[in-house]
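One structure is given here, and the rest of the page talks about it.
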Amino acid sequence: MSEFFSMGGYGGYIWASYGVTALAMIILLIATLRGLRSSRIEREQLEAVLQSRRPRRTKKTQQAS
Amino acid sequence: MNGFLAILQRDLRLALRQGADSVMVVAFFIVTTTLFPFGVGPEVNILARIASGVIWVSALLAAMLSLERVFQTDYEDGTLELLTTSPVSLELLILGKVLAHWLTTGLPLIIAAPLMAVMLNMDQDGFATLMIAMLLGTPALSLIGAIGAALILGARRGGVLVSLLVLPLYIPVLIFGAGAVEAALLGISAIAQLQIMGAILLLTLAAAPFATSHAVRQAME
Amino acid sequence: MHRFAKPSVFLKFTAPILPWLSVLTVILIAAGLYFSLIGSPVDYQQGHTVRIMYIHVPAAWMGLFCYVGMAICGAMSLIWKHPLADICARATAPVGATFTALCLITGSLWGEPMWGTWWVWDARLTSMLILLFLYLGYMALVNAFDDPERGSKAGSALALVGAVNVPIVKFSVDWWNTLHQPASIVRMDGPAVDPSMQLPLALMILGFTCYYFVVLILRVRLELNERRIRALHLSGMFEDSETPASAKEQAYEAGHNVEAKQ
């Protein structure tokens, strides 16, 4: 087991490489997912407001969009 | 042809009116080159070794600093928009502007370069090749720079951004330009490097006006 | 290709793909990790450090692959006017830049134990460094405009110009490197790749590629949401005459921050 971690003495370099890579890829993924979630929530909120207004204001919103 | 000459004349006249601009470019070139001995020490051998690289890098930076001038003022006062609607092809007009830029930036740099080469103790063998290489290289720098200058129209912090965009694209010119001079200093023929620089110049001459006009039209939307 | 031009079509098409792609990514990378770290032999020259190659080479591959992708998207956007193309380019850039940076970092971590130096100006690493600058320039450009669509378009032009430059840069750097031949020949992809080493390499490359497509789909969705949000703000939602003036102004300010800056 310790052989696995020390990797013939080069463990530091090897695990640093794998670690940095894993970290970068995970952070990128998480940042993307969070951004996606918040943009989805904002879009749904705005569309809900638009929907709630639509019945009273059909003519005007149709003109505007 | 008339449109090309007209825009060339106009830009030259404007640049000469603001003579300070050209002088500043050369002054920057001289100052930057002079910084290196302070950084690496005045030992003559070392300076001679790094001379061609230092001169090229300084020339690159100096050329890059003046890029904003190519389009920015015309963009701001609406002249650029008028140019895009002109019956003369935009690519030709851009070539005129780039030529004006080179005449007021590249050419002075070429003239100042031997002076810097002397100060950095470059061997006499390299001088002619340096001039020829810069003659082939600086127009390419102006052409590539024009693409960058057009892309950043309307952007925030355009001045700094254009450096980041354009410097990676300048690297091949730098490599072969400095390489040509080093070959000459070693007594080998630099013809291969100069031919490649010629090829790069022809390529940019063909492609840059179109890329630039596209970017200019984008900026007009 | 224009079939996928409508955002709704893109979303419908990618919705079933995404979970499968994600599972595939995890499987490929997990298998790749197993074979990289455990199931592959030690190199007779480099010992265990050859295991870094299983990340370094795929990262380099992804850096190049993404840039080519960006250039193709740029071409599709500018020449064929495909509406989703510049979004795809913009979504790809951070991924490509990350992989390029990882290539450089793992290259350093490989170089130090092997050749005793953290950085070496060999042709491949130097080209990768320039590629990183191209990515950073692209990302700076697309974010430098108040109007994101103008930014995406400018970025597409830059990606194309950069793409033309990439082979020239590679050629120049190769030439430059052979001229200034370093003392020891550095080969950043290790010795000729033994068959037992090909499997982990292939798994990691495929795994990274699938990862890229997963992140791409997610980021394009994000971008589409943002466009929809902007469109909603601009659709005149705030022309409501029943809303008191101050509230309308507040909403206007909040929603039109971007336009107000110009």
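The values are calculated or read from the model by the stated rules, or taken from the named source; none is laboratory data. Predicted, not measured: the structure shown is a model, and the values here were computed from it. Here Cβ is always computed from backbone atoms with ideal geometry, including for glycine, and neighbour counts include all displayed protein chains.
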**OP:** Being within 12 Å of another protein chain (Cβ to nearest Cβ) and either in contact with a Gly (Cβ under 8 Å, 6 or more places away or on another chain) or not in a helix (DSSP H, G or I) (or both) is the filter; apply it to the stretch C:68-84 and report the residue that is surrounded by the fewest Cβ atoms within 10 Å (Cβ to Cβ).
**Re:** C:Ile79
Original post:
Given the structure, is B:Ala48 surrounded by fewer than 18 Cβ atoms within 10 Å (Cβ to Cβ), touching a residue at least 12 places away in the same chain (Cβ under 8 Å), of a type in the set (Gly, Ala, Ser) and part of a helix (DSSP H, G or I)?
Top reply: yes
Original post:
For the subset of the stretch B:77-113 comprising residues that are touching a Gly at 6+ places or on another chain (Cβ under 7 Å) and in a helix (DSSP H, G or I), which member is surrounded by the most Cβ atoms within 10 Å (Cβ to Cβ)?
Top reply: B:Leu93
**OP:** Check B:Glu43 against each of (1) surrounded by 14 or more Cβ atoms within 10 Å (Cβ to Cβ); (2) under 30 Å from B:Phe176 (Cβ atoms) and name the one condition it does not meet.
**Re:** (1)
Original post:
Mind checking which residues of the stretch B:112-159 are touching a Pro at 6+ places or on another chain (Cβ under 7 Å) and among the charged types (D, E, K, R)?
Top reply: none
**OP:** Could you tell me whether C:Val164 is in contact (Cβ under 8 Å) with a residue 40 or more places away in the chain and surrounded by fewer than 24 Cβ atoms within 10 Å (Cβ to Cβ)?
**Re:** no
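Residues checked against (1) farther than 24 Å from B:Gly158 by Cα; (2) more than 14 Å from chain A (Cβ to nearest Cβ); (3) at pLDDT 90 or above; (4) crowded, with 18+ Cβ neighbours inside 10 Å:
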position	(1), (2), (3), (4)
C:Phe35	yes, no, no, yes
C:Gly39	yes, no, no, no
C:Ala59	yes, no, yes, yes
C:Thr106	yes, no, yes, yes
C:Asp122	yes, yes, no, yes
